[in-house]
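A.B. asks: Before I ask anything, here is the structure I am working with.
The values are calculated or read from the model by the stated rules, or taken from the named source; none is laboratory data. What you see is a predicted model, and the numbers here were worked out from it, not measured in a lab. Every residue, glycine among them, receives a Cβ derived from its backbone with ideal geometry; neighbour counts consider all protein chains shown. We work out accessible area using only protein heavy atoms, side chains counted, and drop any ligands, DNA or RNA first. Shrake-Rupley method; radii C 1.70, N 1.55, O 1.52, S 1.80 Å.
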Amino acid sequence: MGVQRHAQRRRMEPDARRAEILGVARRLFGAKSYAMVSVSDIAAEAEVARALVSHYFGSKRQLYLEVVRQMMVVPASVSQRLPPTTPEERLSICVDRWLEVVERNREMWLSAIGLEALGNDPEVDRIMLEADEIATDRVLEAAMMADVIEGREKLRAMIRAHSCMLKAASREWLVRGTLSRSDLHVMLTRTVLHLLDTVFPALRDD
């Protein structure tokens, strides 16, 4: 049985193997501090050679940064295959999907946004900036406003600013317990709709 299991692992495609290692790293870094997790720990949990982890990701630091990036960048699946309906319904679906991702990876999410709050790591800062731009793309795609030209920079800046509130609100949900998941869903959906429907037109006409 063990021989068969390892044979199956050897036949995994490189992308699948890499994703599996990332999943293990995300879980371990979320459960423990960076200093307490070693590449050997990750390799053992993923049942691969330590050298293979290094082959795919280089150092522990590079692997950790990739985990942070994977955690912070809103996955394409959040805004894929949305129904051709109203922006409100499409945004509601996106928010629900995003909350699922965060809930499933609670500890790593909190760790990643904690790194952003420290604000003293240029590489992490670059990841966060990239993540904010991608999140903005996802929101505008869901709201069917991706092609807006007039006032585009103000529109994008407004959505990026909203992401700061989103992260703070997620702490209220996951850490303090002052908001439920359904509270957060209502709050995030309605605030972004208010920004798009009311605030943006006022800024654009200013």
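A.B. asks: State all residues of region 72-127 that are out of contact with any Asp or Glu (no Cβ under 8 Å at 6 or more places or on another chain) and small (Gly, Ala, Ser); if no residue qualifies, say none.
C.D. replies: 76, 77, 92, 111, 112, 114, 117
A.B. asks: Kindly indicate which of 74, 124 is within 16 Å of residue 160 (Cβ to Cβ), among the aliphatic types (A, V, I, L, M) and in contact (Cβ under 8 Å) with a residue 12 or more places away in the chain.
C.D. replies: Working: 124 fails: within 16 Å of residue 160 (Cβ to Cβ).
Matching residue, one of 74, 124: 74.
A.B. asks: Which residues, counting only those in region 114-154, are open to solvent by 40 Å² or more (accessible area, probe 1.4 Å) and in a loop (DSSP other than H, G, I, E, B)?
C.D. replies: As a first pass, look at region 114-154 and keep what is open to solvent by 40 Å² or more (accessible area, probe 1.4 Å): 115-120, 122-123, 125-126, 129-130, 133, 137-138, 141, 144, 146-147, 149-150, 152-154.
Passing the criteria: 119, 120, 144, 146, 147, 149, 150.
A.B. asks: Taking the condition under 28 Å from residue 137 (Cβ atoms), part of a helix (DSSP H, G or I) and of a type in the set (Lys, Arg), does residue 17 pass?
C.D. replies: Values: under 28 Å from residue 137 (Cβ atoms): no; part of a helix (DSSP H, G or I): yes; of a type in the set (Lys, Arg): yes.
When the stated conditions are applied, residue 17 does not pass them.
A.B. asks: On to the next question. In region 160-171, is there at least one residue being within 16 Å of residue 74 (Cα to Cα), open to solvent by less than 40 Å² (accessible area, probe 1.4 Å) and outside any helix (DSSP H, G or I)?
C.D. replies: Looking only at region 160-171, we keep the residues that are within 16 Å of residue 74 (Cα to Cα), and these are 160-167, 170.
Then drop every residue that is not open to solvent by less than 40 Å² (accessible area, probe 1.4 Å), which leaves 162-163, 166-167, 170.
From the residues that got through so far, the ones that are outside any helix (DSSP H, G or I) too are none.
Checking region 160-171: not a single residue is within 16 Å of residue 74 (Cα to Cα), open to solvent by less than 40 Å² (accessible area, probe 1.4 Å) and outside any helix (DSSP H, G or I).
Matching residues to (1) touching a Pro at 6+ places or on another chain (Cβ under 7 Å); (2) part of a helix (DSSP H, G or I); (3) open to solvent by less than 30 Å² (accessible area, probe 1.4 Å):
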residue: 45; (1), (2), (3): no, yes, no
residue: 52; (1), (2), (3): no, yes, no
residue: 74; (1), (2), (3): no, no, yes
residue: 77; (1), (2), (3): no, yes, no
residue: 96; (1), (2), (3): no, yes, no
residue: 112; (1), (2), (3): no, yes, yes
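A.B. asks: Could you check region 130-144 and list, in sequence order, the residues that are of a type in the set (A, V, I, L, M, F, W, C) and more than 12 Å from the chain's Cα centre (by Cα)?
C.D. replies: Pass one, region 130-144, residues of a type in the set (A, V, I, L, M, F, W, C): 131, 134-135, 139-140, 142-144.
Those that are of a type in the set (A, V, I, L, M, F, W, C) and more than 12 Å from the chain's Cα centre (by Cα): 139, 140, 142, 143, 144.
A.B. asks: Name the pairs whose Cβ atoms lie under 8 Å apart, with the first residue in region 177-206 and within 13 Å of residue 139 (Cβ to Cβ), the second among the hydroxyl-bearing types (Ser, Thr, Tyr) and at pLDDT 95 or above, and 6 or more positions between them or separate chains?
C.D. replies: 189/92
A.B. asks: Considering only residues of region 55-71 that are out of contact with any Leu (no Cβ under 9 Å at 6 or more places or on another chain) and open to solvent by less than 50 Å² (accessible area, probe 1.4 Å), which is modelled with the lowest pLDDT?
C.D. replies: Of region 55-71, the ones out of contact with any Leu (no Cβ under 9 Å at 6 or more places or on another chain) are 55, 58-62, 64-65, 69, 71.
Filter once more, so that each one left must be open to solvent by less than 50 Å² (accessible area, probe 1.4 Å): 58, 60, 64-65, 71.
Numbers: 58: 89, 60: 91, 64: 90, 65: 91, 71: 83.
Per the criteria, the residue is 71.
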